[in-house]
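The structure appears right after this line, and notes come after that.
The values are calculated or read from the model by the stated rules, or taken from the named source; none is laboratory data. Note that the structure is a prediction, hence the values are computed from the model and not measured. A quick note on method: Cβ atoms are made from the backbone with ideal geometry, for glycine too, and the neighbour counts reach across all protein chains shown.
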Amino acid sequence: MIPQQFRRWWNHHLTLSVAFTETGGLHTLKFRAAWLIFAVMFTLSGWVGMMLAGDLAGSRLKASLTGNTEIQYYLDIIAELRAQRDAEREQLKTIAQELGVLQARLDRFNALANKLKADGILFSNTIGDEAKGGLNVPEPKLTPNVDAVLGEINQVQDRADFAELALETTLAMAIRASLGPQIDTGIPYFWPMMTASYRLTSPFGWRIDPVRGGRAWHAGMDFADRVGSPIVAAADGVVSFSGWRMGYGNTVEITHKNGFMTRYGHLSRAIAQEDRRVQAGDLIGLLGNTGRSTGPHLHFEVRRNDVALNPFPFIRETRQEAYEQARNGRTEQLLRDWRRASRR
């Protein structure tokens, strides 16, 4: 029930009189109090709406009232940018969700990669140092910003690189195992560095390119040592190339059985001659810094049917043997024999 007093007030009529001084006329306007209440409420609701909508709506209304078309033009641009920002936020949410799915898939490779690493079979590059032990990438937030999403993408990329390296290493191991014994089958098996002072500076796989920067696939292994250190053949075969190759500098390539080929790049001197047959452990070149190189090292590749394979599973079992031979004078003997033969 509406109180009687409020009902009388609601139905009350207000009288507004306007006098014109020039004509002396008097105009009277009568209206109900309810109309005044509605007008006040409508005005307040519009003001509150503009406050809630923000400065853009208020500025747009002001520009419309004043007829300032230039301000309206810029306000339209701002509105478009805000709409684009909102759309990008939605895209970021979608990307973050997809990252979560990708991370779940990569988790399946962690066990394989870590097992190969623990067994000493897998070397990984510096591009994914944190991926070597596995990553615990945080769950994507509901409203991620660009930096957060990019950070998660970089972490997932590291894990993907590590997983790819693990799969490539497993493939190399499977190929080697399927062909049986190493000797006399043409499978590369002998450690190509005949020194006791080398350093493995860049394994097979993804890395930061030392010349151009950025991610780049490294199709071989790099061994650093003194210029002139002896490089030996990794298996029996025929020298198919000995000379200069773009990027590789002085290079020796040896063709082996079963579709294998080994490549030895950045040499200071290519000693092995084309079409000559060599045996595993024979001197074929001297370590150098030629071609696209940032320091003295050997770039060593193992390829089968022109597909690069991780060399380490093929040669790792002879690493200690080559090291012992070098310590026992094999390095000096190879160099002496080569100098003696070159003087003839």
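Taken residue by residue, the range 296-312 has at least one member that is closer than 27 Å to A177 by Cβ, within 35 Å of the chain's Cα centre (by Cα) and polar (S, T, N, Q). Taken over the range 313-336, residues that are under 32 Å from the mean Cα position of the chain (by Cα) and under 22 Å from I271 (Cβ atoms) amount to 1. Within the set G249, G281, G291, G265, the sole residue that is closer than 13 Å to A234 by Cα, among the small types (G, A, S) and crowded, with 16+ Cβ neighbours inside 10 Å turns out to be G281. Residues in the range 208-235 that are under 21 Å from I315 (Cα atoms) and either in the same structural domain as E164 (by TED's automatic domain parsing) or surrounded by fewer than 21 Cβ atoms within 10 Å (Cβ to Cβ) (or both): W217, H218, A219, A224, D225. Within this structure, H299 fails the test of being surrounded by 20 or more Cβ atoms within 10 Å (Cβ to Cβ) and without any contact (Cβ under 8 Å) to a residue 60 or more places away in the chain. Looking across the range 301-344, the residues that are more than 30 Å from W206 (Cα to Cα) and among the charged types (D, E, K, R) come down to E324, R327, R330, E332, R336, D337, R339, R340, R343, R344. Within the range 155-205, being outside any helix (DSSP H, G or I), hydrophobic (A, V, I, L, M, F, W, C) and modelled with pLDDT under 85 holds for L179, I183. Listed by position, the strands (runs of 3 or more DSSP E) contained in the range 206-324 that have at least 1 residues being within 28 Å of E164 (Cα to Cα) and of a type in the set (A, V, I, L, M, F, W, C) are 215-218, 221-224, 249-255, 260-270, 297-304, 307-309.
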